[in-house]
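The next block holds one structure in the form of structure tokens; read it before the comments.
The values are calculated or read from the model by the stated rules, or taken from the named source; none is laboratory data. Please read all numbers here as calculations on a predicted model, not as lab measurements. FYI the Cβ positions are ideal-geometry reconstructions off the backbone, even for glycines, and counts take in every protein chain you see.
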Amino acid sequence: MAEINSDSHSTARVTTLAALPSVDVLLNQKEVLHWQSEYGQSLVVKAIRQVLEQLRAQFGAGQLYPAQLELPALVAAIDKQLQQLSSPRMQQVINLGGTVLHTNLGRALLPEQAIDAVVQAMRFPVNLEYDIDSGQRGDRDNLVLEQLCALTGAEAATIVNNNAAAVFLLLNTLAFRQQVVVSRGELVEIGGSFRIPDIMSRAGVRLREVGTTNRTHAFDYERAINARTALLMRVHCSNYAIQGFTKTVPLNELVSLGAAHDVATAVDLGSGTLINMADYGLPDEPTVQQSIEQGAQVVSFSGDKLLGGPQAGLIVGSHEQIQAIKDNPLKRMLRVGKMTLAALEAVLALYQQPELLAKRLPTLRLLTRPVAEIRAAALYWQPIFQRWVGTDFAVRDEAMYSQIGSGALPVDSLPSHGLCLSYQGAGRGNQAVRQLVERLRRLPTPVVGRVHRQALYLDFRCLSAAEADLLKQNLNQNN
Ligand SMILES: *Cc1c(COP(=O)(O)O)cnc(C)c1O
């Protein structure tokens, strides 16, 4: 045993590490021997070393107690360390923050059809770039080409890693060392690192800003066009709105203006929906079809925003421009893998059965979830959360607004319902709320809510039945 202070009551510290067992001794404990067949010897040794290191550090800080050096305690510490070492860093979380498409939480949830398709593509060889009809080498874009053209009305399409890559690639292809004309009202920043002016300079194109923040006229574009102009560009204001005394040039006019000078028009739609949102009682958003119909030669949008699919950048448009983009050597760097294409194909297939879309596509299902149903969920969870937080917090059900998220339709929010947890105890409410947020985050399945004015809000729009079971287990374990 370790030597301890002479008066060996519970607070006595260990005064020498002489009794610290060796790696070999620990490795030969019965349980530890058993773990070696499950985790492999090297990971077990690593866990043991880390446990011993922690104990030495605690000893150094004068914070090591005799009980920690007893074999059962050491074995338990090794077990915990092994579990930590072998558990994935990417974890399921429960989204009660009320944002349906949250970039930090992975954006769109995929439909079962897409999940099955991805699993299949991971498990077996597939015809990713193999044309089964001819036996020749194929093009991976062709897997979704027909569907995309049919859905958008475009002549051609190509897929890259995300919409940021799509914008970069289309600029670099169609306007390298030339000018691109963009309205000052559309020089968007999306989440810090994606800023249209920065992307333009990195893509090797010169930005020609025209108009003012709130008003840009056709003559502004017209005056800017010169021999070095390669492209007119429209960027959808995804995450902000300019209201009041405003003027933008309708896309069809912009396209005509460009055409008169033999200059193509590109649109970065951002969220890019394929459906008429108003049909579902949702805030209106320009569709990809409309942009194509109005004559844009190139339209780019995200796969994992309103489309409800995997992370991807979809570029649709005319043969000439899309072919040029596909021929850019950078396309090879930005192309997507088979898992993405498998998921995307399955998601696009759901759009061919529009009547069933709101049931099958999780993003649309969540966005259109009836408030009455969300409210019923909130009422159901109210007593459960009240019990879980205790009397320091009042838990009340409340009408609230969900966000669509991911830069989609920022100014529009969806009527929803949830719980408001507000501090009732003495002392600083701020800190109590922060601790509550942390307690939710430290659950085996972390729960993410939204803090607003010293209260925690839980929106039940995004809680599925399967997640509800899991949440209940989490709260029961952590009472
Ligand atoms: C979201 C967005 C992007 C970036 O798309 P990612 O898929 O996140 O790369 C670019 N432009 C606009 C207008 C957007 O809304």
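Output the residues belonging to segment 327-369 that are among the charged types (D, E, K, R), within 30 Å of residue 172 (Cα to Cα) and either assigned to a helix (DSSP H, G or I) or in contact with a strand residue (DSSP E or B) (Cβ under 6 Å, 6 or more places away or on another chain) (or both).
Quick first cut of segment 327-369, residues among the charged types (D, E, K, R) only: 327, 331-332, 335, 338, 345, 355, 359-360, 365, 369.
Subsequent filtering for residues that are within 30 Å of residue 172 (Cα to Cα) retains 327, 331-332, 335, 338, 345.
Hits for segment 327-369 are 327, 331, 332, 338, 345.
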field: Yes/no for residue 38 being at pLDDT below 95, assigned to a helix (DSSP H, G or I) and out of contact with any Cys (no Cβ under 9 Å at 6 or more places or on another chain)
entry: yes
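Taking segment 189-206 as the region of interest, how many residues are within 15 Å of the ligand (Cβ to nearest atom) and under 24 Å from residue 323 (Cα atoms)? Give the steps one after another, and end with the answer.
To start, the set of residues in segment 189-206 that are within 15 Å of the ligand (Cβ to nearest atom) comprises 189-200, 202-203.
The next check asks that each one be under 24 Å from residue 323 (Cα atoms); those that pass are 196, 199-200, 202-203.
Total meeting the criteria: 5.
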message: Cβ-Cβ distance below 8 Å, separation of 6 or more or different chains: which pairs start in segment 269-282 with a residue that is assigned by TED's automatic domain parsing to the domain that holds residue 313 and at negative phi and end on one that is basic (Lys, Arg) and within 16 Å of the ligand (Cβ to nearest atom)?
response: 271/305
- request: Kindly indicate whether residue 265 is surrounded by 19 or more Cβ atoms within 10 Å (Cβ to Cβ), farther than 30 Å from residue 359 by Cβ and of a type in the set (Ser, Thr, Tyr).
  value: yes
message: Where the second residue is within 16 Å of the ligand (Cβ to nearest atom) and assigned to a loop (DSSP other than H, G, I, E, B) and the first is under 18 Å from residue 264 (Cα atoms) and lies in segment 226-248, which pairs have Cβ atoms under 6 Å and are six or more apart or on separate chains?
response: 235/188
- prompt: residue 205: in contact with a Ser or Thr (Cβ under 9 Å, 6 or more places away or on another chain), of a type outside the set (D, E, K, R) and buried (at least 18 other Cβ atoms within 10 Å of the Cβ), yes or no?
  reply: no
query: Which pairs have Cβ atoms under 8 Å, sit 6 or more apart or on different chains, and link a residue in segment 99-126 that is more than 22 Å from residue 445 (Cβ to Cβ) to one that is acidic (Asp, Glu)?
result: 117/345
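Go through segment 189-202 and give me each residue that's closer than 20 Å to residue 176 by Cβ, surrounded by 14 or more Cβ atoms within 10 Å (Cβ to Cβ) and not basic (Lys, Arg). Can you show your working first?
Here is the first cut: in segment 189-202, the residues closer than 20 Å to residue 176 by Cβ are 194-202.
Okay, now just the ones that are also surrounded by 14 or more Cβ atoms within 10 Å (Cβ to Cβ), so 194-196, 199-200.
Result: 194, 196, 199, 200.
Kindly establish whether residue 462 is within 17 Å of residue 383 (Cβ to Cβ) and either buried (at least 18 other Cβ atoms within 10 Å of the Cβ) or out of contact with any helix residue (DSSP H, G or I) (no Cβ under 8 Å at 6 or more places or on another chain) (or both). Even if it seems obvious, please write down each step before you answer.
Numbers: within 17 Å of residue 383 (Cβ to Cβ): no; either buried (at least 18 other Cβ atoms within 10 Å of the Cβ) or out of contact with any helix residue (DSSP H, G or I) (no Cβ under 8 Å at 6 or more places or on another chain) (or both): yes.
When the stated conditions are applied, residue 462 does not pass them.
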query: Just to be sure, is residue 282 closer than 28 Å to residue 341 by Cβ, assigned to a loop (DSSP other than H, G, I, E, B) and at pLDDT below 95?
result: yes
- prompt: Is it true that residue 223 is within 16 Å of the ligand (Cβ to nearest atom), basic (Lys, Arg) and either loosely packed, with under 14 Cβ neighbours inside 10 Å or not assigned by TED's automatic domain parsing to the domain that holds residue 175 (or both)?
  reply: no
query: Can you find a residue in segment 176-188 that is within 13 Å of the ligand (Cβ to nearest atom), closer than 30 Å to residue 142 by Cβ and either surrounded by 14 or more Cβ atoms within 10 Å (Cβ to Cβ) or free of Cβ contacts under 8 Å to residues at least 60 places away in the same chain (or both)?
result: no
- prompt: Do we have any residue at all in segment 314-336 that's within 16 Å of the ligand (Cβ to nearest atom) and over 30 Å from residue 263 (Cβ atoms)?
  reply: no
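Residue by residue, here is whether (1) surrounded by 22 or more Cβ atoms within 10 Å (Cβ to Cβ); (2) outside the structural domain of residue 240 (by TED's automatic domain parsing); (3) closer than 28 Å to residue 112 by Cα holds:
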residue	(1), (2), (3)
337	no, no, yes
374	yes, yes, yes
380	no, yes, yes
385	no, yes, no
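Working carefully through the options 263, 210, 255, 249, find the one that is over 22 Å from residue 146 (Cβ atoms), more than 16 Å from the ligand (Cβ to nearest atom) and touching a Gly at 6+ places or on another chain (Cβ under 7 Å).
255
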- request: Name every residue in segment 227-246 that is among the aromatic types (Phe, Trp, Tyr) and either outside the structural domain of residue 206 (by TED's automatic domain parsing) or within 14 Å of the ligand (Cβ to nearest atom) (or both), in order of residue number.
  value: 240
query: Taking segment 66-124, which residues are of a type in the set (D, E, K, R) and crowded, with 18+ Cβ neighbours inside 10 Å?
result: 107
Scan of segment 141-161 for residues that are surrounded by 21 or more Cβ atoms within 10 Å (Cβ to Cβ) and of a type outside the set (A, V, I, L, M, F, W, C), ordered by number: 141, 152, 158
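Kindly indicate whether residue 392 is at negative phi and in contact (Cβ under 8 Å) with a residue 40 or more places away in the chain. Give the derivation first.
Working: at negative phi: yes; in contact (Cβ under 8 Å) with a residue 40 or more places away in the chain: yes.
So residue 392 passes the test.
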First in segment 142-162 and in the same structural domain as residue 310 (by TED's automatic domain parsing), second anywhere and among the basic types (Lys, Arg) and more than 16 Å from the ligand (Cβ to nearest atom), Cβ under 6 Å, 6 or more apart: 158/326
task: Among the candidates 69, 74, 82, single out the residue that is within 30 Å of residue 19 (Cβ to Cβ) and modelled with pLDDT under 95.
output: 69
- prompt: Does residue 56 satisfy being more than 30 Å from residue 467 (Cα to Cα) and among the basic types (Lys, Arg)?
  reply: yes
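Given the options 92, 136, name the one that is away from the ligand (no atom under 14 Å from the Cβ) and under 17 Å from the mean Cα position of the chain (by Cα).
On the way: 136 fails: under 17 Å from the mean Cα position of the chain (by Cα).
Selected residue: 92, the only one of 92, 136 that is away from the ligand (no atom under 14 Å from the Cβ) and under 17 Å from the mean Cα position of the chain (by Cα).
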